[in-house]
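Chemist: Shown below is the structure under consideration.
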Amino acid sequence: MSNALWDGIPLVDLLQRAGGIKAGASKVVLYAVDDYSDSIHMSKALEPTTMLALRMNGVTLPQGHGFPARLLVPGIYGMKHVKWVTRIQVVNTDYQGYWQQRGWSDAADVRLTSRIDTPLAGSTLRAHQAVLIAGVAFSGNKGISEVDVSLDGGTSWQRATLKRPFSDLTWVLWELPWQAVAGTSTIVVRAIDLEGDVQDPNAESPLPNGSSGYHTVSVTVS
């Protein structure tokens, strides 16, 4: 996740300037100087937010972030955001990149997620102390409409306050004030995006579609 300010050329504009997209084209393949390659479906390539980025935070794209040009595709995972681009090819085949050949998702859609950054897991808090529960929520390119926090392991929920994000493409900071009550509390968080989708509570490992599940933190109050 990153909230950098990117500047460059929409990929759809670049493809049109290069002669347009012929009938039957299904994917765009990007090749990098380090021999890495990956593809994105044509539907993603045509989205106006898909960009060949040339600048980052007002300066020429740094080497570590893909100088001289890198792909930026809001809504899909970073393995698709090819850096150090040397060549772009439109194909009518189902091109599979390095990670897809090893079983990872080809669509690579970012899964709705949220996390608790404070308090830390295992913390000991003072009873009746004013505590700020806070963290981050992210949906890829669908924005965040709501973040809910549970103080009893998911039995009941309270709505957190969202800080204004830079855009629907960035992660969102959230917070909930709490008067800590003596005992052990299990704090859980979940997010809802602007399309009304609720975060998946089922825990899954990253392979092959990205991880899911609610972030949970247990604290002791004495």
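We did not get these values from a lab; they are worked out from the coordinates using the rules stated. Nothing here was measured: the structure is a model prediction, and the numbers come from that model. Cβ coordinates were reconstructed from backbone atoms using ideal geometry, including for glycine residues, and neighbour counts include every protein chain displayed.
Chemist: Please work out the Cα convex hull volume for the range 6-102 and give it in Å³ per residue.
Modeler: Working: hull volume 9.2 nm³, N = 97.
That works out to 95 Å³ per residue.
Chemist: Per the helix-only calculation at 222 nm, which mean residue ellipticity applies to the chain, given -39500 (n - 2.57) for every DSSP H run of n ≥ 4 and division by its residues, nearest 500 deg cm²/dmol? Write down the numbers at each step before the final one.
Modeler: Values: 2 runs with 11 residues, N = 222.
Value at 222 nm, helices only: -1000 deg cm²/dmol.
Chemist: Can you give me the distance in nm between label points at residue 17 and residue 181, each placed 7 Å from the Cα along the Cα-to-Cβ direction?
Modeler: About 6.1 nm, to one decimal.
Chemist: Order 209-217, 61-69 from most to least packed using the mean count of other Cβ atoms within 10 Å.
Modeler: Numbers: 209-217: 16.8, 61-69: 15.2.
Ranked by mean Cβ neighbours within 10 Å, highest first: 209-217, 61-69.
Chemist: Please report, in debye to the nearest 20, how large the charge dipole of the chain is about its Cα centre when each Lys and Arg carries +1 at its beta carbon and each Asp and Glu carries -1 there. Spell out each step's value before the answer.
Modeler: Numbers: 18 positive and 20 negative charges, 97 e Å.
About 460 debye.
Chemist: If the label point is 7 Å along Cα→Cβ of residue 156, which residues in the range 182-213 have backbone nitrogen under 18 Å from it?
Modeler: Counting backbone N atoms under 18 Å from the label point, the list is 182-190.
Chemist: Once fully extended, how much extra length lies between residue 55 and residue 67, figured as 0.36 nm per residue of separation less the alpha-carbon to alpha-carbon distance?
Modeler: Value of the extension gain: 3.5 nm.
Chemist: Now, a different point. Give me the percent relative contact order of the chain, please, defined on Cα pairs under 8 angstrom at least 6 residues apart. Please list the in-between numbers first.
Modeler: Details: 539 pairs, mean separation 41.8, N = 222.
So the answer I get is 19 percent.
Chemist: When you count, for each residue, the other Cβ atoms within 10 Å and take the mean per peptide, how do 29-39, 159-169 rank with the highest first? Can you show the working numbers first?
Modeler: Details: 29-39: 17.4, 159-169: 13.5.
Ranking the peptides 29-39, 159-169 by packing returns 29-39, 159-169.
Chemist: How would you order 116-127, 147-158 from highest to lowest mean count of nearby Cβ atoms within 10 Å? Write out the running numbers ahead of the final one.
Modeler: Numbers: 116-127: 13.2, 147-158: 16.1.
Put in order of decreasing packing, that is 147-158, 116-127.
Chemist: Given the options 108, 180, 53, which has the most mean-square fluctuation in a GNM of the chain, springs set between C-alpha atoms less than 10 angstrom apart?
Modeler: 180
Chemist: Using Cα pairs under 8 angstrom and six or more residues apart, how large is the relative contact order of the range 113-221, in percent? Intermediate results must be reported in sequence, preceding the final value.
Modeler: Working: 283 pairs, mean separation 38.0, N = 109.
Here the relative contact order equals 35 percent.
Chemist: On to the next question. Enumerate lysine pairs in the chain that are 8 or more residues apart or on different chains, then count those whose Cα atoms are under 22 Å apart.
Modeler: The number of close lysine pairs in the chain is 9.
Chemist: Let me ask something additional. With semi-axes √(5λ) of the Cα gyration tensor in Å in mind, check (1) 30, 17, 16; (2) 34, 19, 16; (3) 40, 18, 15 and report the label derived from this structure.
Modeler: Computing semi-axes √(5λ) of the Cα gyration tensor in Å and matching it to (1) 30, 17, 16; (2) 34, 19, 16; (3) 40, 18, 15 gives (3).
Chemist: Specify whether the C-alpha gyration tensor of the range 50-151 places it in the rounded, prolate or oblate class, a ≥ b ≥ c being the square roots of the eigenvalues: rounded for a/c under 1.5, otherwise prolate if a/b is larger than b/c and oblate if not. Write out the running numbers ahead of the final one.
Modeler: Values: a/c = 2.93, a/b = 2.02, b/c = 1.45.
It comes out prolate by the Cα gyration axes.
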